[in-house]
1. At 0.36 nm per residue, and after removing the present C-alpha to C-alpha distance, how many nm does the segment from Asp179 to Lys12 gain when stretched out fully?
2. Spelling out what I want: for every residue of segment 107-114, take phi, set θ = phi - 60°, compute 6.51 cos²θ - 1.76 cosθ + 1.60 (Karplus), and round to whole Hz; glycine and proline get x.
3. Name the residues whose placed amide hydrogens come within less than 5 Å of the amide hydrogen of Ser115, ignoring near sequence neighbours (fewer than 5 apart) on the same chain.
4. Hey, any idea what % of segment 120-171's accessible area is carbon plus sulfur with a 1.4 Å probe?
5. Can you give the helix-only mean residue ellipticity at 222 nm for the chain, where every DSSP H stretch with n ≥ 4 adds -39500 (n - 2.57) and the sum goes over all residues, rounded to the nearest 500 deg cm²/dmol?
6. Using each residue's phi in segment 24-34, evaluate 6.51 cos²θ - 1.76 cosθ + 1.60 at θ = phi - 60° and report the 3J(HN,Hα) Karplus result to the nearest Hz, with x for Gly and Pro.
7. Towards the positive end of the charge dipole of the chain, with charges on Cβ (+1 Lys, Arg; -1 Asp, Glu), say which of Asn171, Thr28, Leu80 has the farthest Cα.
8. Just how many pairs of Lys in segment 1-139 have C-alpha atoms closer than 22 Å, counting pairs that are eight or more places apart or on different chains?
Amino acid sequence: MKQLLHVGCGRKSALGQPLFPAAHWQETTLDIVPGLRPDIVASMTDMPMVPNDQFDAVFSSHNLEHLFPHELKKALSEFLRILKPGGMAAVYVPDIQNAVEAIAQGRSDEPLYMSDSGPIYPFDVIYGHAPSIEGGHVEMAHRNGFTVQSLHRALKDAGFTAVQVKRRGINLVSVAYKDHRPATSPWLNPPCYEG
């Protein structure tokens, strides 16, 4: 059974997604919020309780945009450290270009999509979900934004190899590997930005 660390898990499981079929993966959850009852309570920027080379994959969905740029480097370095050689990081972040395009077209008051928290508007992608922040959840503020090129560069600068990033709807979806990409490992369908 392959080992998956789901970083910033919230209340959701990553199992059952195409990259992580439940029959082949065992999930360990990590979140900074103790009330969510993750397996590990920690920041993704500092996970000393997780040994080096322990996981076959790290999954992070809509977390990295909450970090300042200097914290992003720390988080990606931690992802790389805890992955086994040939391990994969699967990272999803909001596509800030999508939000900026909507604003430039005069659609800033139109939702980009519906989430579990309600409608998400272009400025929510840039600054964070306004109703959540207003409700006292300041950790939901966005401190970073990503384009295809900036996410690719951040993963490469952290030391990942065989990096692919693709625009998919309102998200950027990426896979990146530690040391090398095993021949049987997942790969995004082209067209995408890779290197």
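1. Working: separation 167, 0.36 × 167 = 60.12 nm, distance 2.91 nm.
That works out to 57.2 nm of additional length.
2. Karplus-based 3J(HN,Hα) across segment 107-114 equals 10, 5, 9, 9, x, 7, 6, 9 Hz.
3. Ile120
4. Numbers: 1420 of 2520 Å².
Carbon and sulfur atoms account for 56 percent of the accessible area of segment 120-171.
5. Values: 5 runs with 44 residues, N = 195.
So the calculated ellipticity at 222 nm is -6500 deg cm²/dmol.
6. After applying 6.51 cos²θ - 1.76 cosθ + 1.60, I find 10, 10, 10, 9, 10, 9, 9, 8, 7, 9, x Hz.
7. Positive-end residue among those listed: Leu80.
8. Total qualifying Lys-Lys pairs in segment 1-139 comes to 4.
The values are calculated or read from the model by the stated rules, or taken from the named source; none is laboratory data. Only a predicted model underlies this, so the values are computations on that prediction, with no experimental measurement involved. Note: ideal-geometry Cβ built from the backbone for every residue, glycine included; neighbour counts use all protein chains shown. SASA here: full protein model, heavy atoms, side chains in, ligands and nucleic acids out. Shrake-Rupley method; radii C 1.70, N 1.55, O 1.52, S 1.80 Å.
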